[in-house]
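Peer 1: This is the structure I have questions about; it appears just below.
None of the figures in this text is laboratory data; all of them are computed from the coordinates on show. For clarity, every value in this text was computed on a predicted model and none was experimentally measured. Methodologically, a virtual Cβ is constructed for each residue, glycine included, from the backbone with ideal geometry; neighbour enumeration extends over all protein chains shown.
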Amino acid sequence: MKEINLTLDNLNEVFPEDFTQEQIAKAKTLFLKRLSEKAHKFYGGKIQVIPKASVPGFNWFNVWYTPGVSKISTTIRDDNDTSFQLSNRGNLVAVVSDSTRVLGDGDCTPPGGLGVMEGKAFLMKYLGGVDAVALCVDSKNEKGENDPEKIIEFVKMLQPSFGAINLEDISQPNCYKVLDTLREECYIPVWHDDAQGTACVTLAGLLNALKLVNKKLSDVKIVMLGAGASNTTIARLLIADGADPKKFIIFDSKSSLNTDREELKADKRFYRKWELCESTNPYKITSFDEAMKDADVLIALSKPGPDTVKPEWISVMADKSIVFTCANPVPEIYPYAAKEAGAYIVATGRGDFPNQVNNSLGFPGILKGALIVRAKKITDNMAIRAAHSLADYAEKRGIDPENIVPTMDEADVFPVESADVAMQAIKDGVARIEMTWDEAYEIAKRDIKYSRDLTQKLTEMGFIEPAPKEMLQEALNWAVEQVV
């Protein structure tokens with residue numbers, strides 16, 4: 001077996017030459033899971049807390065703590081907004097989850113979500129220059145049911161300590177009530193990354209994909225597989241940006257969304273789905289086979305594959321069809337199979353395939369932009385602006401069917417996105433402070449550079465130990481053995 005380097009950049013080249021594309025795809029997934037388990041155990045997680053202020057001598061603790069810090073307490077008491085300047089609150093996000101829908105693994109119990117929430121915090125720091133804390137909570141009530149009111153109350157109680165809230169991996173229908181209630185009742189931004197974040201980056205990818213196939217958002221027929229928090233919000237954001245709701249056909253696990261779904265109308269918890277029943281699929285098409293005929297776009301966020309989406313469904317789509325299969329950890333159909341079936345552009349949520357449509361492009365920059373201007377909320381306009389920012393950034397440096405959105409290693413995309421979001425917050429009247437685009441860009445760029453430089457220096461100086469190369473090799477050998 002060939003050796004692989006720490007960057008994992010040559011992963012596609014190390015599998016046995018007689019492996020099929022399907023075997024390589026399966027082995028990649030197994031390898032990454034195995035390596036993740038070993039790496040997390042090696043490091044004991046991936047986030048730590050370190051000081052940002054100097055300690056020239058122990059007498060400085062009289063400044064950082066008592067008695068000097070009394071002045072900070074009374075100043076914030078007299079004007080709560082000074083907490084954004086005098087503490088880390090202005091650059092601090094709480095990543096809140098009850099872990100009831102973690103990736104494609106379902107309810108993992110409250111602590112089961114820590115790996116994902118720490119991952120969010122890691123990406124937020126490295127990509128957006130934002131500090132974040134993982135907070136996995138038990139939302140069960142006395143009856144043993146997951147209660148959205150408990151999450152709502154918990155987040156409201158957190159507000160004085162954070163500049164923004166990132167909700168994550170909360171199952172439907174609770175996720176709808178939690179987000180919509182908190183967006184209206186909190187005085188700091190509340191962002192649901194599974195919903196708004198996925199919607200934002202999907203819109204960005206679709207905008208550029210449509211440019212490449214010379215089609216307009218308002219004209220295309222869109223089929224959606226899955227009607228959870230992600231796809232319902234994607235539909236809402238696409239429609240807000242100009243897509244025609246009458247050209248949407250959305251399927252959940254039972255059938256299509258349409259006005260015959262009386263059970264959704266009756267269950268007020270699913271109000272977001274019922275709104276789409278009323279506005280989409282006017283001909284009440286219930287057959288997925290029929291829906292896919294001449295469809296321009298398929299957006300799937302449903303059951304992890306690789307056999308959830310059938311090649312024969314893609315083969316009847318319109319010319320130059322666009323297929324987004326973004327289930328985690330395995331897409332509903334592998335990109336090579338979708339292309340063999342006739343798809344022109346294929347995107348997934350994974351970074352080891354072309355066109356990664358993943359919220360990691362969105363939330364670090366969006367939350368940073370909101371924090372910079374101390375926004376009170378993140379409006380739909382801010383999310384749409386972020387999507388266009390990402391699409392425009394990619395288009396300026398060049399797009400093609402295998403490269404429709406920026407990638408995480410394009411460092412400048414995040415300060416640009418942050419500045420665009422900050423300007424939209426000011427325009428929408430939800431910013432506490434105002435500044436120019438250039439000022440917002442420079443703040444974001446400075447903080448992101450600081451975060452990346454800090455990680456690099458800690459690694460160079462040995463405070464962060466490199467993962468042993470043997471760890472990667474063992475994970476690869478194990479994955480290949482499982483597939484063979």
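Peer 1: Of (i) 28.5, 87; (ii) 27.9, 113; (iii) 23.0, 74, which one was derived for Rg and Dmax of the Cα atoms in Å from the structure shown?
Peer 2: Computed from these coordinates, Rg and Dmax of the Cα atoms in Å corresponds to label (iii).
Peer 1: Still on this model: If the cut-off is 21 Å between C-alpha atoms, which lysines fall inside it for LYS396, apart from same-chain ones fewer than 8 positions away?
Peer 2: Leaving aside lysines fewer than 8 places away in the same chain, those within reach of LYS396 are LYS211, LYS215, LYS216, LYS445.
Peer 1: Name the residues whose placed amide hydrogens come within less than 5 Å of the amide hydrogen of MET224, ignoring near sequence neighbours (fewer than 5 apart) on the same chain.
Peer 2: Hits under the 5 Å cutoff: ILE249, ILE250, PHE251, ILE299.
Peer 1: Still on this structure: Hey, with R₀ at 22 Å, roughly what FRET efficiency would PHE122 and GLU474 work out to, going by the Cβ-Cβ distance, to 0.05?
Peer 2: Once the sixth-power term is evaluated, E becomes 0.40.
Peer 1: Could you compute how fast region 60-192 diffuses translationally, taking Rh as the Kirkwood radius over C-alpha pairs and applying Stokes-Einstein at 4 °C with viscosity 1.567 mPa s? Give it in µm² per second.
Peer 2: The estimated diffusion coefficient comes to 81 µm²/s.
Peer 1: Sorted by packing (mean other beta-carbon atoms within 10 Å per residue), highest first, where do 403-412, 328-337, 92-101, 77-86 land?
Peer 2: Put in order of decreasing packing, that is 92-101, 328-337, 403-412, 77-86.
Peer 1: Once you treat every alpha carbon in region 311-355 as an equal point and sum by Debye, what is log10 I(q)/I(0) at q = 0.29, 0.32 Å⁻¹?
Peer 2: Evaluating at q = 0.29, 0.32 Å⁻¹ gives log10 I(q)/I(0) of -1.04, -1.20.
Peer 1: I would also like to ask the following. Rounded if a/c is under 1.5, else prolate if a/b beats b/c, else oblate: with a ≥ b ≥ c from the C-alpha gyration tensor eigenvalues square-rooted, which is region 429-484?
Peer 2: On the way: a/c = 5.51, a/b = 2.27, b/c = 2.43.
In terms of gyration-tensor shape, oblate.
Peer 1: While we're here: When a/c is below 1.5 the answer is rounded, else prolate if a/b is larger than b/c, else oblate, so apply that to region 387-468 with a ≥ b ≥ c taken from the square roots of the Cα gyration tensor eigenvalues.
Peer 2: Here region 387-468 falls in the oblate category.
Peer 1: A further question follows. Give the cross-link partners of LYS265 among the lysines, using a straight C-alpha distance below 26 Å as the criterion and excluding same-chain residues fewer than 8 apart.
Peer 2: Leaving aside lysines fewer than 8 places away in the same chain, those within reach of LYS265 are LYS140, LYS143, LYS150, LYS177, LYS221, LYS246, LYS247, LYS254, LYS273, LYS284, LYS303.
Peer 1: Still on this structure, please answer the following. LYS320: which aspartates and glutamates have alpha carbons under 17 Å from its alpha carbon, excluding same-chain residues fewer than 8 sequence positions away?
Peer 2: Reachable aspartates and glutamates: ASP219, ASP294, ASP296, GLU312, GLU340, ASP400, GLU402.
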